[in-house]
């Protein structure tokens, strides 16, 4: 492909700025590289920008005009990204202008050193004169063409550059494949920063061009970006970045870059804010850097290039220390102190395999319904915490930190997983490819990066299933496949060790027949992903556990202080096991859990169900009944609540009813509208109801109750198909 064959989609977000817009557009349309798609997004400009944009669109067929209501800088650029068709994406801000050979130079740099991001430098303009020019020479070596390359994971200084997303080109397929979009926070508050940070952290290498190709007008002192409100909003951007880094297992790699970026921003904002605005900003910043100390952020041993070192140690660090109190951060508990010393992955494994299951089982002592027995149980918890648990945490810490758990260079390493009969869904996807693609796009709307990763994993597994040999329900997969996260590999390559250890950990608990480590953690993980304030609202409310199986989740739900947990299980074998488990743990649970031997659906009716498996009997609903099917009575949640729990305030409903989730949701509409409870919806039964994952989210969204969504996947102690859950709050 020669230079001109590369098509560049140039996105220009516009809000006001009628005086500078023509100069900017002229500089873009006059580029020596003419293969352009110029997408101008008018974000509700209150001035004459609307007319200017339409004039340019009428005069040049490369211009696409989008006029929309004001929704902010990030939303404007995302509107452009959603329709872009070029090989590259460029972003130009309309109070700036670009050199006439900018895109030609960037494409040539890409052809010489092809990487998904090509970044150049820029001139700072003040009063129409060049104030100074940013240099990139401190980042790497540049050749005779002023081209260099940098590895983001090895360069903190790369992240300390001004966001300057507008000096580069981004491969569009790189952005699409990694679902990189702008954070749509209010206003225009530094939304380029999360985009820059996330894109850099994903790229293995970046191409640099040490040539100024962009002219950036320096903000006036009175700019709205200097306000305290804008500065405080910037903390939300950092929350977005950290959440992405943690959930993609990148935080340990980029922890120093993250906090140094935060630190340089602190100094920048502190020099611009005054009075109450500065006080509010510093209060928030102190909280952030308390957390930074716990994460291992080291301010005293930084090593940058000579110029940056001089600026850092003579200006940034002294000002940082004068602004941030040097108070000692209290360690909340011994267990947290131990886990902080481990790598991020080890901390997660310790929490998942030891702390959460025991707390989920035993913390029912905190339930108001069992206050009378709290002394005995608290004593037992303390005994476990200070005797058994600390020893076990040390053991797992040593196991994970000392043992070669998984050698990523071993491409032959594989694992045999139990999977559901899923080939038919693969062929269903193929037969309905275009429609499924549209449905997936709709499903992904509003999901965060963590949820999007799980969505890709789920559908990715269905895509590859037919290409692997497997018999019955077993499938052998190489651990090197990209479907696995690092955490998946850690668990799966040590599954026998972990499962044996779990068996020992729970041997002292009176929980016979209760598979506490799988389904309980699955639904607990849903609650854990809720905002911290929401579980506090459960106290005194009603929980409905639809698909209670053998009581595992009902017992866990009881620990959150619900006045009543209604455990609904239609299969008699499971129901009898549920009752035995409640009886065995009655001394801790009291009567807070009420078991019901019924099914839930859209109406009061009789359903036909079939047993699946022998390990705590699973089940599925079958159409019309057949030989071997079991007839069960079904009731809608609305009918159940209105007739028997009319005065109950429903705080949570769990739906795990084997592909019948949409029907059960429809039968709960009035209850959901009245109470807006947290909804935990299993959406993995795609071989039973191929589109229920889409239908369930659409149903909840169309209730128009402002629900937020998260797609959660239990880590693969069993397999990669089961245990996908839509968390709605």
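See the values below:
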read-out: For residue 505: the one exception among (1) modelled with pLDDT of 80 or more; (2) farther than 28 Å from residue 657 by Cβ; (3) in contact with a helix residue (DSSP H, G or I) (Cβ under 8 Å, 6 or more places away or on another chain); value: (1)
read-out: Among the residues listed as 68, 7, the single one being over 13 Å from residue 91 (Cβ atoms) and under 30 Å from the mean Cα position of the chain (by Cα); value: 68
read-out: Strands (runs of 3 or more DSSP E) contained entirely in the stretch 67-140, each with at least 2 residues that are surrounded by 19 or more Cβ atoms within 10 Å (Cβ to Cβ); value: 88-91, 117-126
read-out: Single unsatisfied condition, residue 111 versus (1) farther than 17 Å from residue 24 by Cα; (2) modelled with pLDDT of 95 or more; (3) touching a strand residue (DSSP E or B) at 6+ places or on another chain (Cβ under 9 Å); value: (3)
read-out: Pair list, Cβ < 6 Å and 6+ apart or interchain, from the stretch 29-54 residues that are assigned by TED's automatic domain parsing to the domain that holds residue 86 to residues that are assigned to a loop (DSSP other than H, G, I, E, B) and buried (at least 18 other Cβ atoms within 10 Å of the Cβ); value: 37/86; 43/15; 45/15
read-out: Test: residue in the stretch 145-162 that is under 16 Å from residue 257 (Cβ atoms), out of contact with any helix residue (DSSP H, G or I) (no Cβ under 7 Å at 6 or more places or on another chain) and in a helix (DSSP H, G or I); value: yes
read-out: Test set (1) surrounded by 23 or more Cβ atoms within 10 Å (Cβ to Cβ); (2) more than 17 Å from residue 526 (Cα to Cα); (3) in contact with a strand residue (DSSP E or B) (Cβ under 7 Å, 6 or more places away or on another chain) - residue 562 fails condition number; value: (2)
read-out: Wholly within the stretch 574-630, strands (runs of 3 or more DSSP E) carrying at least 3 residues that are modelled with pLDDT of 65 or more and either exposed (fewer than 14 other Cβ atoms within 10 Å of the Cβ) or not assigned by TED's automatic domain parsing to the domain that holds residue 538 (or both); value: none
read-out: Some residue of the stretch 247-261 being surrounded by fewer than 19 Cβ atoms within 10 Å (Cβ to Cβ), part of a loop (DSSP other than H, G, I, E, B) and on the phi > 0 side of the Ramachandran plot; value: yes
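The values are calculated or read from the model by the stated rules, or taken from the named source; none is laboratory data. What you see is a predicted model, and the numbers here were worked out from it, not measured in a lab. Reconstructed Cβ throughout: ideal geometry from the backbone, glycine too, with neighbour counts over all protein chains shown.
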